[in-house]
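Q: Pasting a structure here, questions to come.
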Amino acid sequence: MFIIDSILVIFTAFYYYIIMKNKWILILVLAFFQLQAKAIEGMWLPFLLKQLNEAEMKKMGLKIPVEQIYNINSSSLKDAVVQFNGGCTGEIISSKGLLLTNHHCGFGQIQNHSTLEHNYLENGFWAKNQSEELPNPGTFVTFIIKMEDITNQALDSITDALNPQERQSRIDKNLSKIRLNYPKESYQDIVIRPFYDGNQYILFITENFKDIRLVGAPPSSIGKFGADTDNWVWPRHTGDFSLFRIYADKNNRPAEYSKDNQPYIPKKFLSVSLDGIDEGDFTMVYGFPGRTEEYIPQQKVKHIVEVIDPLRIDLRDIALSKMLFYMKKSPLTKIQYADKYSSISNAWKKWQGEILGIKKSHALDKKLAHEKEFESLVEQNPLYKSKYDGLLTSYREKLNEYEPLFESRELNSEMWIRNLDLPRKSLEFYKLLTLTSDDKKPAFDDLVKELKEGLDGFYKEHEPLIERDAFIGMYDYYAQKIKHKYTPSLVSEWKNKNKTGTELYSDIYSNSFLISQAKVEKTLQLSKDSLILTIQNDPLVQTMAHIDNFLKEKITAPLNQIQTQLNTYQRNYMKAQIEVFPKKKLFPDANSTMRLTYGQVSGYKPADAVNYGFVTTLDGVMEKYVPGDYEFDVPEKLISLYKNKDYGVYGKNGKMPLAFIASNHTTGGNSGSPALDAYGNLIGLNFDRVWEGTMSDLYYDKDICRNIMVDARYILFIIDKYAGAGYLVSEMNLVHPKAIKKSKKSK
């Protein structure tokens with residue numbers, strides 16, 4: 001059977017090679033060797049599953065044809081999966097456009113609707129009917145209508161003789177021509193993305209729906225149970241989900257918000273399995289993974305985990321500790337900073353797990369061994385040697401130039417921009433100084449208007465005491481770490497004068513009009529000349545103007561030049577790896593495009609004598625329960641349901657299943673992705689990875705990389721039994737695929 005399958009796949013690949021020319025060895029290698037590798041690593045393009053993955057997926061347990069996963073001629077699972085608000089994934093689970101995603105993906109929308117009187121973060125929100133569903137201006141979902149390989153057209157007239165700028169300019173012109181001539185509906189968009197570091201190009205036809213309404217969300221004590229302590233770890237007991245509804249115009253097409261819009265009627269929606277999971281079950285995760293760098297050299301990975309990640313972590317340690325101190329003291333501050341804290345801490349903890357995982361898996365040693373083997377094979381083969389001799393050596397030399405600049409950029413960005421409010425806001429005012437000429441008056445006036453309109457929202461989520469304490473602590477650390485050659489001259493002056501963070505806060509912040517909303521409002525009422533003068537003399541604006549100019553001129557500009565060269569090295573290295581290692585399984589890095597990953601339900605062993613099971617239950621919530629705690633409090637109603645074992649049809653053997661793990665290769669962007677069984681039914685909702693496996697963005701290890709999912713039955717239990725919103729469950733199609741399977745076996 002393997003021989004027959006192999007012949008068919010080789011024939012398919014040969015077709016691509018002959019007919020599509022520029023596919024050369026790429027499709028051939030990937031297709032043929034997918035049949036040989038019983039691996040579960042990878043984020044695969046759905047429209048190529050038939051050629052590349054179907055045989056392996058069937059052997060692992062898939063029960064449906066891959067045409068039911070992706071099809072442009074009839075409805076398929078892809079039509080039920082959307083990109084949620086540009087950064088997460090969501091899925092449609094009813095014929096009325098009901099959309100499921102993570103609680104943390106909808107967190108900003110839930111927060112925006114929350115007040116002290118109606119605290120949906122703390123108490124949850126459940127619309128009793130469609131008229132109570134809450135609109136969310138600016139929120140959108142994206143459907144993928146079609147994917148097509150356009151490598152031939154994109155790389156038309158591209159030769160190795162072109163320098164990077166000429167190459168990219170020619171590609172851009174080719175892509176513009178494709179966008180202009182490619183057929184689509186007026187309400188559709190074209191998105192084109194490079195794959196394999198620019199060796200392949202794929203076109204996507206998309207539709208964006210912009211009327212998205214909040215339907216339901218559990219309280220944070222369920223949707224964010226365990227908060228930051230449990231974030232990125234297993235075992236997990238978080239009901240991380242929220243519900244929205246997509247609305248469309250009378251023709252069922254994308255439209256801006258209108259009271260006249262109707263619930264979207266989908267081409268496909270997911271059925272929800274009530275049968276749950278067992279260890280070894282085949283699973284799929286469908287979604288929009290954000291970014292991975294699986295094929296970069298060992299040197300770059302080493303610099304990330306040994307230099308860059310520690311700097312980021314240390315600075316965020318300081319910022320987060322100040323936020324948490326005040327959030328615990330004030331319910332209002334907790335609401336103000338909930339989304340901000342969550343966003344900053346998410347990456348902070350992920351980087352810690354990344355370091356741990358790289359060490360645990362010995363990834364640096366393995367990558368180095370891979371590179372030595374690569375260089376040896378290149379040296380032995382005259383064809384490879386003529387094309388790739390010295391490639392990695394030159395790549396490493398360029399990385400030596402890149403690393404100190406990258407370190408300075410990250411250190412300055414973490415200090416001045418990513419973790420503090422007012423320095424970032426001051427740059428918006430600084431922009432006004434670039435619009436002072438008469439010919440730019442309309443742009444100047446528009447920006448003033450924009451700044452005025454944004455004040456309430458900005459200062460609503462700003463606490464001066466947090467800003468003060470975070471700045472003081474972060475600056476003292478930053479001043480110790482910044483290196484002289486890549487230090488802003490103003491910072492060098494401060495260091496020479498032994499300025500402390502406390503002194504600088506007094507000098508810079510205390511004398512800035514940005515310190516309070518009232519002062520900003522008063523400043524924005526000034527005449528144009530007075531406003532410009534006030535901004536020019538503001539110490540915080542002056543400081544950030546200096547930092548911003550330093551970064552642009554001394555760091556970003558040279559970094560961009562080096563990055564262009566590094567991109568060329570990486571593209572050639574990617575092409576070389578495909579050729580030199582024909583038996584290695586190489587999938588395209590994630591780039592926020594629709595992918596399918598598949599694996600199996602499985603526990604793992606992260607350390608000696610530590611063996612984690614594959615499933616958690618509501619029992620674990622009660623074991624972690626700490627009354628009144630910021631992270632581990634539990635709602636009274638959930639406690640009552642637990643004590644009475646009132647789980648309805650969603651429980652199993654007296655237990656309420658809550659979460660499970662599997663070996664699906666996921667990353668950021670897969671948050672909210674549907675976890676599907678062998679039949680394509682929803683069995684869970686992806687929301688995280690295990691801590692040791694967060695390094696899978698750089699290196700995937702099948703022994704410790706696991707994705708974490710909320711069990712679909714727990715989601716239904718919370719909606720129905722906890723929230724009393726059973727009408728939403730009634731919209732769904734609940735199925736028992738395992739019961740059907742058993743019935744067939746008995747016959």
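No value in this document is a laboratory result; all are computed from the given coordinates. This one's a predicted model, so the numbers in the text were calculated from it and none came from an experiment. With ideal geometry, Cβ positions are generated from the backbone for all residues, glycine too; neighbour counts draw on all protein chains shown.
Q: Eight or more residues apart or on different chains, and alpha-carbon atoms under 16 Å: count the Lys pairs in segment 179-286 matching that.
A: Here the count comes out as 4.
Q: Now for a separate question. Report the FRET efficiency, 1/(1 + (r/R0)^6), for N549 and S437, where r is their Cβ-Cβ distance and R0 is 25 Å, rounded to 0.05.
A: The value I calculate is 0.85.
Q: Out of S271, F107, M544, whose Cα points farthest toward the positive end of the dipole of the chain (charges: +1 Lys, Arg; -1 Asp, Glu; placed on Cβ)?
A: Toward the positive end, the furthest listed residue is S271.
Q: Under a Cβ-only charge scheme (Lys and Arg +1, Asp and Glu -1), can you give me the dipole magnitude of the chain about the Cα centre, in debye to the nearest 20?
A: Computed charge dipole of the chain: roughly 1540 debye.
Q: If you don't mind, another one. Using alpha-carbon positions, what is the distance between the centroids of segment 55-106 and segment 272-310, in Å?
A: Between the Cα centres of segment 55-106 and segment 272-310 lies a distance of 19 Å.
Q: Which whole-Hz ³J(HN,Hα) couplings does segment 636-647 yield from phi under the Karplus relation 6.51 cos²θ - 1.76 cosθ + 1.60, θ = phi - 60°, glycine and proline marked x?
A: After applying 6.51 cos²θ - 1.76 cosθ + 1.60, I find 4, 5, 5, 4, 5, 4, 5, 4, 8, 6, 8, 9 Hz.
Q: May I pose another question? So in the chain, which Cys have no other cysteine's beta-carbon sitting under 4.7 angstrom from theirs?
A: C705
Q: Please give the charge dipole size of segment 362-575, origin at the Cα centre, charges +1 on K and R Cβ atoms and -1 on D and E Cβ atoms. Round to the nearest 20 debye.
A: 480 debye
Q: Gain in length, E256 to K585, computed as 0.36 nm per residue apart minus the alpha-carbon separation, to one decimal in nm?
A: Using 0.36 nm per residue and subtracting the Cα-Cα distance, I get 114.1 nm.
Q: Which ³J(HN,Hα) values in Hz, rounded to whole numbers, follow from the phi angles of segment 311-316 under the Karplus curve 6.51 cos²θ - 1.76 cosθ + 1.60, where θ = phi - 60° and Gly and Pro get x?
A: My calculation for segment 311-316 gives 4, 4, 4, 4, 5, 6 Hz in order.
Q: Same structure again: For segment 581-630, what class follows from the C-alpha gyration tensor (a ≥ b ≥ c being the square roots of its eigenvalues): rounded when a/c is under 1.5, otherwise prolate if a/b is larger than b/c, else oblate?
A: Prolate.
Q: Check cross-link reach from K522 to the lysines: straight Cα distance under 20 Å, and skip same-chain residues fewer than eight apart.
A: Counting by Cα, and skipping residues close in sequence, K522 has these lysines nearby: K425, K431, K449, K452, K460.
Q: Ok, one more. For segment 83-203, what does the relative contact order come out to in percent, with C-alpha contacts under 8 Å and a separation of six or more?
A: Computed value for segment 83-203: 21 percent relative contact order.
Q: Related question: Going by the alpha-carbon gyration tensor, a ≥ b ≥ c the square roots of its eigenvalues, is segment 362-575 rounded (a/c under 1.5) or, if a/c is not under 1.5, prolate (a/b greater than b/c) versus oblate?
A: prolate
Q: Still on this structure, I have one more. May I ask you to sort M57, M622 by Cβ crowding, counting other Cβ atoms within 10 Å and putting the fewest first?
A: Fewest-to-most Cβ neighbours within 10 Å comes out as M622, M57.
Q: Of the listed peptides 558-567, 311-320, 521-530, what is their order by residue-averaged count of other C-beta atoms within 10 Å, with the highest listed first?
A: Those peptides, ordered most packed to least, come out 311-320, 558-567, 521-530.
Q: Taking neighbour Cβ counts within 10 Å as the exposure measure, how do V191, V141, V690 sort from fewest upward?
A: V191, V690, V141
Q: Explain nothing, just the number: relative contact order of segment 362-575, from Cα pairs under 8 Å at least 6 residues apart, as a whole percent.
A: 31 percent
Q: Let me ask something else about it. Residue by residue through segment 280-297, which ³J(HN,Hα) values in whole Hz follow from phi under the Karplus form 6.51 cos²θ - 1.76 cosθ + 1.60 (θ = phi - 60°), with glycine and proline marked x?
A: x, 4, 5, 9, 10, 10, 10, x, 10, x, x, 7, 10, 9, 6, 10, 6, x
Q: Here's something else I'd like to know. How do E579, E56 rank when sorted from fewest to most other Cβ atoms within 10 Å of their own Cβ?
A: By the 10 Å Cβ count, ascending, the order reads E579, E56.
Q: A161 to L533: extension gain in nm, 0.36 nm per residue of separation minus the Cα-Cα distance?
A: Roughly 128.7 nm would be gained on extension.
Q: Could you work out the relative contact order of the chain, using alpha carbon pairs under 8 angstrom and six or more residues apart, expressed as a whole percent?
A: 23 percent
Q: Is the C-alpha gyration tensor of segment 625-739 telling us rounded, prolate or oblate? Criteria: a/c under 1.5 is rounded; beyond that, a/b larger than b/c is prolate, otherwise oblate.
A: Taking the square roots of the gyration eigenvalues as a ≥ b ≥ c, segment 625-739 is oblate.
Q: Another question, if that's okay. What area, in nm² and to one decimal, does the C-alpha convex hull of the chain cast on average over all directions?
A: Averaged projected hull area, Cα only: 35.4 nm².
Q: Same structure, new question: What is the Cα centroid distance between segment 196-225 and segment 405-432, reported in whole angstrom?
A: Each part's Cα centre sits 27 Å from the other's.
Q: While we're on this one: For a quick check: with amide H placed at 1.01 Å from N, whose amide H comes under 5 Å from F195's, ignoring anything fewer than 5 positions away on the same chain?
A: Those lying under 5 Å, H to H, from F195 are Q200, Y201, I202.
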